[in-house]
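First up is the structure itself, then whatever we jot down about it.
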């Protein structure tokens, strides 16, 4: 049995490596997160909006350290699903890019534990660098099915499976005791950053409401530029119509169009 005090230096390594991404705890509080040779440190909410975030789990033995980023309850898994919403394409790309940068030693694991089972058994395992948003979505959906239980088709037969507890280890790695722990945490940091800022349902709804308002305001400013350029005779009526159409149909070109107009009318 590993004494709880032995985890204190490792918490300090986690805190110094990840900074504000993890909760800042005193020694007594750290002890409350240690149980059965494991320490589970919560990821901190970096924004005002509360989020059910994963935990960093550190399992310690005499020879090795196991580090994992764990989604162990229904609330955190439900929040992770927000990553797959159509409005979160940028976050999906950031997730896939950050996973691709991981060394091959990192794995992504889905585990289950039945009602009377003593521990978790791994049912799916991938090299983490090969897990993109699409693969992760399948894992989350499978975890939800396992949690709900019910009838499933297995090998062409309808079978009943009792609800079970799931654990999604988004990142899992085993390293030697020593400086490799800090190095592994540094490699995990980018994925943890992405996970910590996945939007809540309320934030996504708010962004869908506010985005048209922001676009409308910018369009009014653009029309003012067009009108000024036309009144100063630096563009023709036909060019004005073409620029208006181009601005609305090609969002990626809006900055260039506005910059050219300002240059032509002498506005910086």
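A few points about this structure:
- Cross-chain or 6+ apart pairs with Cβ under 6 Å, region 232-243 first and over 13 Å from residue 260 (Cβ atoms), then at pLDDT 90 or above: none
- Residue check for residue 53: buried (at least 18 other Cβ atoms within 10 Å of the Cβ) and at pLDDT below 95: yes
- Residue check for residue 107: crowded, with 19+ Cβ neighbours inside 10 Å, in the same structural domain as residue 38 (by TED's automatic domain parsing) and within 14 Å of residue 132 (Cα to Cα): yes
- Any hit, region 63-79, residues being more than 12 Å from the chain's Cα centre (by Cα), in the same structural domain as residue 163 (by TED's automatic domain parsing) and at pLDDT below 85: yes
- Count - residues of region 47-60 that are out of contact with any helix residue (DSSP H, G or I) (no Cβ under 9 Å at 6 or more places or on another chain) and in a loop (DSSP other than H, G, I, E, B): 2
- Long-range neighbours under 7 Å by Cβ, at least six apart or interchain, first residue touching a residue at least 12 places away in the same chain (Cβ under 8 Å) within region 110-134, second loosely packed, with under 12 Cβ neighbours inside 10 Å and in a loop (DSSP other than H, G, I, E, B): 113/119; 114/162; 115/162; 127/104; 129/104
- For region 61-83, a residue qualifies if it is surrounded by 18 or more Cβ atoms within 10 Å (Cβ to Cβ) and either in contact (Cβ under 8 Å) with a residue 40 or more places away in the chain or part of a strand (DSSP E or B) (or both), and the qualifying residues are 65, 67, 68, 69, 70, 71, 72, 77, 79, 80, 83.
- Residue within region 3-23 that is in contact (Cβ under 8 Å) with a residue 24 or more places away in the chain, assigned to a loop (DSSP other than H, G, I, E, B) and over 15 Å from the mean Cα position of the chain (by Cα) present: no
- Enumeration of residues in region 94-109 that are part of a helix (DSSP H, G or I) and in contact (Cβ under 8 Å) with a residue 12 or more places away in the chain: 94, 95, 96, 98, 99, 100
- Residue within region 115-122 that is surrounded by 13 or more Cβ atoms within 10 Å (Cβ to Cβ) and within 15 Å of residue 164 (Cβ to Cβ) present: yes
- Options 92, 28, 88: the member that is more than 22 Å from residue 182 (Cα to Cα) and at pLDDT below 90: 88
- Residue count for region 138-154, restricted to those that are outside any strand (DSSP E or B) and in contact with a helix residue (DSSP H, G or I) (Cβ under 8 Å, 6 or more places away or on another chain): 4
The values are calculated or read from the model by the stated rules, or taken from the named source; none is laboratory data. Here the structure is a predicted model, which is why all the values come from computation and not from measurement. In this analysis, Cβ positions are derived from the backbone assuming ideal geometry, glycine residues included, and neighbour counts consider all displayed protein chains.
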